[in-house]
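**Q** The following block contains the structure, expressed as structure tokens.
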Amino acid sequence: MCIIMLIHIENEYPELLIPDQDRVIERVILQALDYEGCPYECQVQVLLTSNEEIHRLNREYRNIDRETDVLSFPAADYPVPGDFSDIEERDPMAFHPETGELILGDIVLSLDRVKLQAEEYGHSRKRELAFLVGHSMLHLMGYDHMTEEDRLLMEHKQEEILNILGYTRDSE
């Protein structure tokens, strides 16, 4: 089980979207790492922002000129997604020099999109937030959805992580 030593959540959004949103984010991060069997203490940075800011970041860092719901910026590469077995040898720079924590990377979430997508998909904002954090955590651990097989694997893992926590489509 991975013990998170640092989850830094910065909220630039002008309103409180979900009363316990930091707790939801932390629970999903911890569960995703536990689910993947991460053996390290870790760092994850989370930025909660607006459509305008995520659009700017998407354009600046990915050359995609539109808003999105979530951006993931992994700090390390994983030749095999979720495989931490050789990361110390393969990428020693992925560890914080003072604390020794594995730096997983950054998550940027558009809370405007959380509101919109929760309504579109007919579930709670909390569930949508949890879904996007779970999705992004899998990206930080090397998963992607470029092929149909990879997309299905990622979706399966996301659903299992959320189901363990009770963040189902019909939950509040």
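**Q** Determine which member of the set ILE25, ILE29, ILE3, ILE7 is over 17 Å from ASP112 (Cα atoms), of a type in the set (Val, Ile, Thr) and modelled with pLDDT of 95 or more.
**A** Result: ILE29 is the single residue among ILE25, ILE29, ILE3, ILE7 that is over 17 Å from ASP112 (Cα atoms), of a type in the set (Val, Ile, Thr) and modelled with pLDDT of 95 or more.
**Q** Output the number of residues of segment 107-142 satisfying the condition of being over 14 Å from THR68 (Cα atoms), surrounded by fewer than 20 Cβ atoms within 10 Å (Cβ to Cβ) and either among the hydroxyl-bearing types (Ser, Thr, Tyr) or without any contact (Cβ under 8 Å) to a residue 60 or more places away in the chain (or both).
**A** Residues meeting the conditions: 7.
**Q** Out of GLU67, GLU52, GLU98, which single residue is over 24 Å from ASP22 (Cβ atoms) and among the acidic types (Asp, Glu)?
**A** Answer to the selection: GLU98.
**Q** From the list LEU6, LEU30, LEU47, LEU109, which one is aliphatic (A, V, I, L, M) and in a helix (DSSP H, G or I)?
**A** Checking each option against the conditions leaves just LEU30.
**Q** Can you find a residue that is under 28 Å from GLU52 (Cβ atoms), in contact with a Lys or Arg (Cβ under 9 Å, 6 or more places away or on another chain) and either outside any helix (DSSP H, G or I) or not hydroxyl-bearing (Ser, Thr, Tyr) (or both) anywhere in segment 145-156?
**A** Among the residues of segment 145-156, at least one is under 28 Å from GLU52 (Cβ atoms), in contact with a Lys or Arg (Cβ under 9 Å, 6 or more places away or on another chain) and either outside any helix (DSSP H, G or I) or not hydroxyl-bearing (Ser, Thr, Tyr) (or both), which makes the answer yes.
**Q** Which count do you get for residues in segment 115-144 that are part of a loop (DSSP other than H, G, I, E, B) and either farther than 25 Å from SER85 by Cβ or out of contact with any helix residue (DSSP H, G or I) (no Cβ under 9 Å at 6 or more places or on another chain) (or both)?
**A** Adding up the residues that qualify gives 4.
**Q** Okay, moving on. Take the conditions touching a residue at least 24 places away in the same chain (Cβ under 8 Å) and either part of a loop (DSSP other than H, G, I, E, B) or within 15 Å of ASP69 (Cβ to Cβ) (or both) and apply them to LEU104. Does it pass?
**A** no
**Q** Of everything in segment 25-60, what is closer than 16 Å to PHE73 by Cβ and surrounded by fewer than 17 Cβ atoms within 10 Å (Cβ to Cβ)? Give them in sequence order.
**A** Within segment 25-60, ARG56, ARG59, GLU60 meet the criteria.
**Q** Taking the condition of being at positive phi and touching a helix residue (DSSP H, G or I) at 6+ places or on another chain (Cβ under 7 Å), how many residues in segment 32-91 meet it?
**A** So the count comes out to 1.
The values are calculated or read from the model by the stated rules, or taken from the named source; none is laboratory data. None of these values were measured; they are calculated from a predicted model. Please note: Cβ atoms are built from the backbone with ideal geometry, for glycine as well, and neighbour counts cover all protein chains shown.
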